[in-house]
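Contents: one structure, followed by commentary.
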Amino acid sequence: MRNLLRFIIQYHVFILFVIFEIFSISLLFTTSAYHEAKFYQAGQKIKKNLAYKIENWLDYFSLYKENKKLAEENNRLYNLLKSSYKISYIDSAFRGDTLSPRNFTYISARVINNSTNKKYNYITLDKGRRHGIEPEMAVICGDGIVGIIKTVSDNFSVAFSLLNPRFSVSAKIKSSGYFGPLSWKGTSTSKAILEDIPHHVMITKGDTVFTSGYGSIFPADIMIGVISDYRLKGGNYYEITVKLSADFHRLNQVQVIRNEFREEIETLEQKAINE
C-alpha cells in the first residue's frame, strides 16, 4: 500500500493528465454526433479486421488438419490401387489377399525442408526408418514424381529431388510408348530433359510423359509432365524438354513408395550379370 501511495505521489501529474484526457475524449464523443459516428465507424472497422485475422488463423490451422487428413486418405487409396498388388495367378481376381501379394506400399510423409535454388537439390521428410522408409524408395506427390530417398535416420529421411542432376528416371512418351532417361539439367525448376528417343519417333508438343516402370523403384504410369519442346541431337536422337507437372516450390505432402519385390529383382539381375 505504501509503495502504491509513493507511486501515485511521484507520478500524480501524469496520472491527472491521463484522467483528464480520457474525460475529454469521452465528453467529445458523447456530446458530438459527428465524432460519435466516426468513433463507431472506426471501432467497427477495427472489429472487422480483427475478426478477419482471427478467422484466417482458424482457417489456417483447420486447413493443416484437413491436408493431413487428405494425405492419409490418399495414402489409403494408393495402397488399394490394383497396381499396388501383384497378380500371382492368371485366373485370380484382384482381391488384395494372398493370391494377390502386395507389390507397392505407399507411406505418407510431410516435407519439412526443400531446396530449389541449388545445383544439387534435396528434400527432407518427417518420416524415417521406423516408419518403414529405406534408401532407394520413390517419392511422389499428387501431381507427379518428386525424387528418390537417399539417406535415412530413425525419424527422418532425405531424398534427391528431381531437381538434382544426380537423379535420373526412366520415362516413356504416352502416345508412342518409347522410353529413355529423364534428368534435370539445372536450367529451370519446371523443366527436365528426356533423351535417347530415336529420330524416327513422332514427337508432339503437349504429349504426356510418364514413368516407364522399368527398374525396381518407380511404378509405371506415374505422371512426370508434358512435352514442351524438342530438337534432334546428333542427328539420331531427340533431346526433349518436358514441363514438369509437380511444382517443387509448393511441396507439402508426399507419398514414399516401397517396391516389396525390389530386393528380389535386384538380386536376380545381379546374379544374371555375374553369370
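Bear in mind these aren't lab numbers, they're just calculated from the coordinates by the rules spelled out. Computed from a predicted model, the values in this text were never measured in an experiment. Note that each Cβ is placed from the backbone with ideal geometry, even for glycine, and that neighbours are counted across all protein chains shown.
What FRET efficiency, computed as 1/(1 + (r/R0)^6) with R0 = 35 Å and r the Cβ-Cβ distance, is obtained for ILE273 and ASN155, rounded to the nearest 0.05?
After rounding, the FRET efficiency stands at 0.45.
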Could you line up LEU163, LEU232 from fewest to most neighbouring Cβ atoms inside 10 Å? LEU232, LEU163
Relative contact order for the range 104-259: what percent, with Cα pairs under 8 Å and sequence separation of 6 or more? 26 percent
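State which entries of LYS127/LYS271; LYS119/LYS191; LYS118/LYS233; LYS119/LYS243; LYS150/LYS185; LYS174/LYS233 exceed 25 angstrom in Cα-Cα distance in the structure shown.
From LYS127/LYS271; LYS119/LYS191; LYS118/LYS233; LYS119/LYS243; LYS150/LYS185; LYS174/LYS233, over 25 Å: LYS127/LYS271; LYS118/LYS233.
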